[in-house]
Amino acid sequence: FKSIINILNAQKRIAEAFLAIIGPGFIKDALVKYLKSHHPLLFKQITAVGSVSSGGTGGIKEALRSGVLDKATKQVRIVEESKAISELLRRLGNNPDTVTYGLLAVQKAVEYGAANRILISSKLLREVDLLERRDLEGLLRQAESMGGRIMIIGSQHEAGEQLISLGGIAAELRYAINLK
């Protein structure tokens, strides 16, 4: 276990990582207990614990086929989305001219070339009619062509609900603009 800890600690950005503990038999459970008692910070980073019938490459392939890693990747995505919404809300509170929300305001920000990152709700994309969806996709392509990044935010968690309450779409701006 100490070798595993050494390898993990040698990784850059380990504090931001998510860990999936997957293996055969009782060894994975013993590793989880070891992390809990000796390395609580690493223990908190565990997003999935799963069983496979063998170790090595065969075990990795089995884990991928069985969906054991799905929980871990879903958790990572939710955390990334939550951080993005938290940053948007922080900027909205501290410097409101560096963010905008609602479809018309985001469209203007994109037209001005000011949209650095657009956060759009998956619910908004699902619920618009075909013509509106085509318009939204055109807006997102235009933003990307100007160097903007797009992040689709799921609506099944609190951060997604917060974005929906802002109109389902928001943009972090490269520079402050007044869209009023």
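The values are calculated or read from the model by the stated rules, or taken from the named source; none is laboratory data. Nothing here was measured: the structure is a model prediction, and the numbers come from that model. No Cβ is skipped: glycine too gets one built from the backbone with ideal geometry, and neighbour counts run over all protein chains shown. These accessible areas exclude ligands, DNA and RNA; they are computed on the full protein's heavy atoms, side chains included. Shrake-Rupley method; radii C 1.70, N 1.55, O 1.52, S 1.80 Å.
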(request) Just need a number here: residues in the range 121-134 that are surrounded by 14 or more Cβ atoms within 10 Å (Cβ to Cβ) and charged (D, E, K, R). (result) 2
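Rundown of residues vs (1) under 23 Å from Arg141 (Cα atoms); (2) within 23 Å of the chain's Cα centre (by Cα); (3) at pLDDT below 85, yes/no style:
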{"position": "Leu42", "(1), (2), (3)": "no, yes, no"}
{"position": "Ile46", "(1), (2), (3)": "no, yes, no"}
{"position": "Gly55", "(1), (2), (3)": "no, no, yes"}
{"position": "Leu69", "(1), (2), (3)": "no, yes, yes"}
{"position": "Ala72", "(1), (2), (3)": "no, yes, yes"}
{"position": "Ser86", "(1), (2), (3)": "no, yes, no"}
{"position": "Gly93", "(1), (2), (3)": "no, yes, no"}
{"position": "Gly102", "(1), (2), (3)": "yes, yes, no"}
{"position": "Ala115", "(1), (2), (3)": "yes, yes, no"}
(message) Here are the criteria: (1) touching a helix residue (DSSP H, G or I) at 6+ places or on another chain (Cβ under 8 Å); (2) buried (at least 17 other Cβ atoms within 10 Å of the Cβ); (3) hydrophobic (A, V, I, L, M, F, W, C). Tell me which single one Leu41 does not satisfy.
(response) (2)
(request) Could you list, in sequence order, all residues of the range 49-99 that are farther than 29 Å from Lys36 by Cα, among the hydrophobic types (A, V, I, L, M, F, W, C) and not in a helix (DSSP H, G or I)? (result) Val99
(message) From the list Ile14, Ile21, Ile60, Ile4, exactly one residue is open to solvent by 90 Å² or more (accessible area, probe 1.4 Å) and among the β-branched types (Val, Ile, Thr). Which is it?
(response) Ile60
(message) List the residue pairs whose Cβ atoms are under 6 Å apart, where the first residue sits in the range 85-112 and is within 19 Å of Ile164 (Cβ to Cβ), the second is open to solvent by less than 50 Å² (accessible area, probe 1.4 Å) and among the acidic types (Asp, Glu), and the two are 6 or more positions apart or on different chains.
(response) Val99/Glu172
(request) Taking the options Glu81, Glu137, name whichever one is surrounded by fewer than 14 Cβ atoms within 10 Å (Cβ to Cβ) and either out of contact with any Cys (no Cβ under 8 Å at 6 or more places or on another chain) or closer than 30 Å to Ser51 by Cβ (or both). (result) Glu137
(message) Just checking, does the range 15-35 include any residue being assigned to a helix (DSSP H, G or I) and of a type in the set (Phe, Trp, Tyr)?
(response) yes
(request) Consider Lys123 carefully, then state whether it is over 23 Å from the mean Cα position of the chain (by Cα) and touching a residue at least 24 places away in the same chain (Cβ under 8 Å). (result) no
(message) What pairs come out if I take residues in the range 137-160 that are under 27 Å from Gln75 (Cβ atoms) and in a helix (DSSP H, G or I) and pair them with residues that are modelled with pLDDT under 95 and polar (S, T, N, Q) whose C-beta lies under 6 Å away, six or more apart or interchain?
(response) Ala159/Ser82
